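Right, one structure below, let's go through it.
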Amino acid sequence: MLLSKKKALRYLIALFIIFTLNFIIPRTMPGDPITNLLGENFIASEATIQELKIELGLDKSLSFQYLDYWKDIFTLHLGYSYHFNQKVISIIFMRMKWTLALLFPSILLGAILGTLLGALSGWKKNNLGNKATTWAFLAVYSSPPYFLGIIFLYVFSFKWGLFPFKGFYETGTFLDVLQHLFLPILIMSTFAASRNYMIMRGSVLIEKEKLYVVYARAKGLYGNSILFRHIFKNASLPVITLIALDFGFLLSGALFVEIVFSMNGMGTLIYEALLSRDYPVLQGCFLIITIMVIAANFFADILYSFIDPRVKEKA
Amino acid sequence: MDLLVIENLKVTFQTPPEQVRAVDGVTLELKQAETLALVGETGCGKSTIALSILRLLPENADVRGKIIYRNNDLLLLPEKELAQLRGKDISLVMQNPALALNPVYSIGHQMTEPLIVHRRLKKPKAIQTAKNLLEKLHFKGPSNAIRAYPFEMSGGMKQRVLIGISVVLSPKIIIADEPTKGLDDRLREMVLKELRLVREMNRSSMIFISHDLNAAREISDRIAVMYAGEILESAATQEFFKEPLHPYSQALLESLPERGFKPIPGVSPSMIQPPRGCKFHPRCPDKKEMCSKQRPDFKRTKNRDVKCVLYS
Amino acid sequence: MLNRFGLVLVVLFVLIAILADIISPHDPWDRFEPYEKPNRNHILGTNDIGNDILSELIHGSRASLIVGIGAAIIATLLGLLVGLFSGYFKGALDEIFMGITDIFLMIPRIPLIIMLAAFLKSSIWLIMLALGLLWWTSTARVVRSRTLQVREMDYVASAKCLGFKNRHIIFSDILPNIFPVVVPKFMLTVATAMISEASLSFLGLGDPSMKSWGLMINFALIKGGLVNEMWWWYLSPGLCIILFVYSIVSLGFSFEERKKVNLR
Ligand SMILES: Nc1ncnc2c1ncn2[C@@H]1O[C@H](COP(=O)(O)OP(=O)(O)O)[C@@H](O)[C@H]1O
Ligand SMILES: [Mg+2]
């Protein structure tokens with residue numbers, strides 16, 4: 001089995017609780033529940049409101065509303081946005097691909113770049129070059145990604161005109177899309193890399209003191225081959241955990257970078273929804289992001305069990 | 001002919017503010033196809049000698065002296081050339097198999113590594129070689145063992161795997177560091193049998209490190225007794241057990257269960273500030289006045305070397 | 001070296017925050033000529049409504065540091081408690097605590113805070129509280145695994161045999177040993193909290209009555225600082241964030257490397 005029953009159960013419970021939270025929040029927040037559920041853009045006569053109340057089931061008891069809520073989730077009814085005049089789920093699906101197009105390459109590149117450079121940094125002597133790399137990654141680590149976005153946007157697009165200044169349109173060719181995505185992906189992957197770099201470096205520093213390293217040398221291994229044949233796999237275990245834990249943080253970072261680059265993804269969607277207090281869209285985004293985060297953790301667990309044989313056994 | 005010669009080896013560990021003198025002027029020879037037992041209580045510096053030979057000590061170790069193998073001083077050889085000798089000419093069975101094996105790789109992976117690194121064998125070929133070897137060592141179910149991970153094995157199994165790995169490249173010298181430690185009688189016998197087997201496979205020489213005198217007696221041709229970083233006596237094994245000369249050797253034999261379990265009085269000496277003169281004098285039943293003043297030299301008596309004023 | 005550099009900077013920033021009223025050249029709410037370039041009177045110029053940017057920056061350190069450090073204190077205390085009890089008592093309590101931790105780990109924190117802030121009137125205190133209550137999980141995990149190690153040590157076992165109370169053992173025997181992992185963890189939490197606060201402010205979710213560095217960036221952008229090339233306006237608060245986070249993070253990591261503790 002790939003995942004222990006306990007782990008799987010925890011995922012389900014997490015999903016259940018976070019979704020329930022999403023049900024509770026608009027109903028307990030100060031303000032008119034109708035507004036909280038439909039958004040500030042919704043203005044209607046008293047009669048329509050009464051009709052809608054019935055349609056939304058707000059006249060029923062909370063427990064019935066709760067049941068309806070779950071029924072809606074399973075049938076992908078996430079409500080209607082009066083700001084965009086569209087079903088929430090279709091807006092999100094339309095926007096999501098741009099967020100994913102930014103996020104996944106960044107996570108992948110960041111993982112490869114960060115673990116590789118971090119491993120070498122922990123393994124090699126701490127000379128000036130090594131220290132300088134660490135300082136540089138630490139500086140990226142300490143920056144809000146959107147701020148890096150602003151600087152890059154200013155330098156590369158505004159000053160030098162190398163990359164487009166404003167968002168892109170879906171009619172764009174592949175090359176066009178790539179040109180628009182280049183800077184955001186560069187920023188997000190460097191940011192992700194900086195986090196992986198620091199963890200991998202620390203992890204290698206600890207692993208290289210272990211006895212199996214001495215034994216590997218006793219068998220005749222030499223130089224970097226010790227790092228890559230023995231230490232790397234052990235040291236990457238904490239990084240895999242981190243990538244999963246970090247997924248939500250990176251996702252949030254990507255949302256902000258999107259806003260800076262006016263990309264047409266979920267980040268800008270959330271921003272617009274926030275400005276117009278379009279609550280259904282905010283809630284819908286929250287649900288979808290939750291599912292993405294849980295899926296990422298699930299995936300990381302499986303990856304972990306492939307790398308660490310001890311986990312598979314326990315499962 | 002001497003295959004390996006250790007001359008006046010001194011190892012000091014820098015652990016600020018202190019210095020641990022783990023090995024304090026050790027001279028040893030190992031002959032072709034000979035098994036030398038290195039015995040002494042825990043902490044006297046046995047492992048340090050083993051690791052110095054392959055230059056595997058941590059960076060805080062300061063190593064002096066000479067270790068001559070095939071006209072080369074191993075202490076001066078460039079790291080890369082030394083790496084080619086490690087595992088291939090001189091192999092090591094490490095003291096702590098549970099920690100020496102890498103937890104995330106299968107036994108097969110770790111066993112075939114020397115073949116892949118030194119001989120550049122292809123993986124399937126290497127696996128086959130490893131399997132054959134395990135079979136020769138009477139492993140039950142070699143294919144399963146190859147596929148297993150360290151955490152799935154008992155301590156004894158891991159020890160035997162390490163012995164197996166030590167011999168995959170038919171080395172000239174096998175250094176076995178406490179291979180019988182912590183094993184029950186049955187496993188101990190099995191490991192000793194296995195060591196004899198691997199020794200015979202290539203007529204290798206062996207340095208057998210142990211604090212188990214009986215195991216040393218069973219397996220070795222010659223024995224060297226260590227105390228606080230020094231060798232106090234070295235002799236042919238049979239003669240040694242017939243008549244130990246050094247007072248420490250005598251006390252050591254007296255402390256064996258079958259000779260009445262008499263413990264050696266006093267405590268092990270500090271390795272940071274060892275006693276002046278002969279290091280054993282504070283615990284010695286035969287000590288003379290000069291023992292606390294002057295460190296004795298090796299004297300060849302009755303065809304063996306002893307470091308004690310009684311024989312000078 | 002890196003370490004000392006970090007320490008000096010952290011202390012410096014804290015001093016600036018404390019002494020803001022004394023050292024800032026102007027009242028940050030005073031209005032001068034708007035959109036002034038840096039000059040002798042306004043070293044970093046003025047913003048769209050004529051506030052002196054340097055004074056804003058100096059006063060902004062308060063809000064930023066309060067959110068960052070405050071949230072980290074809440075998170076660390078929570079994580080410490082959960083981790084200590086979980087690791088010390090093991091068994092059912094551990095299962096429950098770790099289950100809760102796992103669930104909290106999955107919550108998309110920033111989106112949740114955005115949603116909450118959309119419903120509520122956003123303030124520094126709300127953001128600080130929300131960040132603190134959501135960011136304790138990884139501290140709890142680290143503390144727990146460290147506690148599991150420490151409780152097996154000899155003197156803890158002997159303290160147990162001697163019949164000391166659990167509370168006494170936890171707080172006087174185990175806690176001191178947890179510190180080497182908690183201190184760097186705390187610093188990294190400050191960093192995450194500050195980056196999060198800056199990001200939330202960037203969405204306009206900050207507290208306009210108590211301008212933070214993040215909010216300054218937000219204003220600089222929406223009031224045309226970027227397109228008018230007034231880089232001193234939006235760059236300086238950003239650099240302040242980076243510099244402070246950098247110094248505290250480098251402190252944390254060098255502590256971690258020195259003590260060879262694994263934070264994960
Ligand atoms: N890396 C090290 N740093 C400091 N002291 C060490 C180190 N390795 C071993 N020692 C010390 O050197 C002495 C000899 O150790 P060792 O060779 O392992 O003994 P043995 O193998 O005979 O039990 C011991 O006192 C031990 O504490
Ligand atoms: Mg030893």
Whichever residue in region B:27-43 is within 11 Å of ligand 1 (Cβ to nearest atom) and surrounded by 22 or more Cβ atoms within 10 Å (Cβ to Cβ) and, among such residues, is farthest from residue B:196 (Cα to Cα): B:40
Out of curiosity, is residue A:173 more than 29 Å from residue A:263 (Cα to Cα), surrounded by fewer than 18 Cβ atoms within 10 Å (Cβ to Cβ) and away from every other protein chain (no Cβ under 12 Å)? no
Looking at region B:49-64, I want the residues that are modelled with pLDDT under 95 and have a partner that is of a type in the set (S, T, N, Q) with Cβ atoms under 6 Å, at least 6 apart or on another chain. Which pairs are those? B:60/B:14
When region A:28-50 is checked residue by residue, the ones that are loosely packed, with under 14 Cβ neighbours inside 10 Å and within 13 Å of chain C (Cβ to nearest Cβ) are A:28, A:30, A:31, A:32
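Yes/no matrix, rows are residues, columns are (1) within 10 Å of chain A (Cβ to nearest Cβ); (2) among the polar types (S, T, N, Q); (3) more than 24 Å from the chain's Cα centre (by Cα):
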{"site": "B:71", "(1), (2), (3)": "no, yes, no"}
{"site": "B:75", "(1), (2), (3)": "no, no, no"}
{"site": "B:90", "(1), (2), (3)": "yes, no, no"}
{"site": "B:102", "(1), (2), (3)": "yes, yes, no"}
{"site": "B:113", "(1), (2), (3)": "yes, no, no"}
{"site": "B:125", "(1), (2), (3)": "no, no, yes"}
{"site": "B:140", "(1), (2), (3)": "no, no, yes"}
Unique residue being open to solvent by less than 30 Å² (accessible area, probe 1.4 Å), within 14 Å of chain A (Cβ to nearest Cβ) and closer than 21 Å to residue A:242 by Cα when the list is C:100, C:110, C:114: C:110
Considering every residue within region B:80-94, establish whether at least one is of a type in the set (S, T, N, Q), within 30 Å of residue B:249 (Cα to Cα) and either within 13 Å of ligand 1 (Cβ to nearest atom) or touching a Ser or Thr at 6+ places or on another chain (Cβ under 9 Å) (or both). yes
Is one or more of the residues making up region B:9-22 polar (S, T, N, Q), surrounded by 15 or more Cβ atoms within 10 Å (Cβ to Cβ) and more than 15 Å from ligand 1 (Cβ to nearest atom)? no
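Yes or no, residue by residue, for (1) under 21 Å from residue A:124 (Cα atoms); (2) modelled with pLDDT under 95; (3) over 16 Å from the mean Cα position of the chain (by Cα):
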site: A:209; (1), (2), (3): yes, yes, yes
site: A:214; (1), (2), (3): yes, no, yes
site: A:223; (1), (2), (3): yes, yes, yes
site: A:226; (1), (2), (3): yes, no, yes
site: A:243; (1), (2), (3): no, yes, no
Do the conditions hold for residue B:36, that is, is it within 11 Å of chain A (Cβ to nearest Cβ) and touching a residue at least 60 places away in the same chain (Cβ under 8 Å)? no
For region B:208-221, check the following and say yes or no: at least one residue is open to solvent by 10 Å² or more (accessible area, probe 1.4 Å) and within 13 Å of ligand 1 (Cβ to nearest atom). yes
Considering only region A:240-275, state which residues are aliphatic (A, V, I, L, M) and within 20 Å of residue A:111 (Cβ to Cβ). A:240, A:242, A:243, A:244, A:245, A:250, A:251, A:254, A:255, A:257
Quick test of your reading of the structure: residue B:141 fulfils all but one of (1) modelled with pLDDT under 95; (2) within 16 Å of ligand 2 (Cβ to nearest atom). Name the failing condition by number. (2)
Confirm whether residue A:256 is touching a residue at least 12 places away in the same chain (Cβ under 8 Å), more than 8 Å from chain C (Cβ to nearest Cβ) and over 25 Å from residue B:106 (Cα atoms). no
Selection status of residue A:303, outside any loop (DSSP other than H, G, I, E, B), under 24 Å from residue A:191 (Cβ atoms), away from chain C (no Cβ under 11 Å) and under 18 Å from the mean Cα position of the chain (by Cα): yes
Can you report the number of residues in region B:30-76 which are farther than 17 Å from residue B:89 by Cβ, assigned to a strand (DSSP E or B) and among the acidic types (Asp, Glu)? 1
Does residue A:192 satisfy the criteria of being more than 9 Å from chain B (Cβ to nearest Cβ) and open to solvent by less than 10 Å² (accessible area, probe 1.4 Å)? yes
Can you tell me which residues in region B:81-104 are closer than 18 Å to residue B:154 by Cβ and either open to solvent by 10 Å² or more (accessible area, probe 1.4 Å) or assigned to a loop (DSSP other than H, G, I, E, B) (or both)? B:94, B:95, B:96, B:97, B:98, B:99, B:101, B:102, B:103
Restricting to region A:105-162, name every residue that is part of a loop (DSSP other than H, G, I, E, B) and open to solvent by less than 10 Å² (accessible area, probe 1.4 Å). A:142, A:143, A:144
Picking from A:269, A:245, A:205, which residue would you name as being in a helix (DSSP H, G or I) and more than 9 Å from every other protein chain (Cβ to nearest Cβ)? A:269
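The values are calculated or read from the model by the stated rules, or taken from the named source; none is laboratory data. Treat the numbers as computed from the prediction; the structure is a model and nothing was measured. Backbone-built Cβ (ideal geometry, glycine too); neighbour counts: all protein chains shown. The area values use the complete protein model at the heavy-atom level, side chains included, leaving out ligands, DNA and RNA. Shrake-Rupley method; radii C 1.70, N 1.55, O 1.52, S 1.80 Å.
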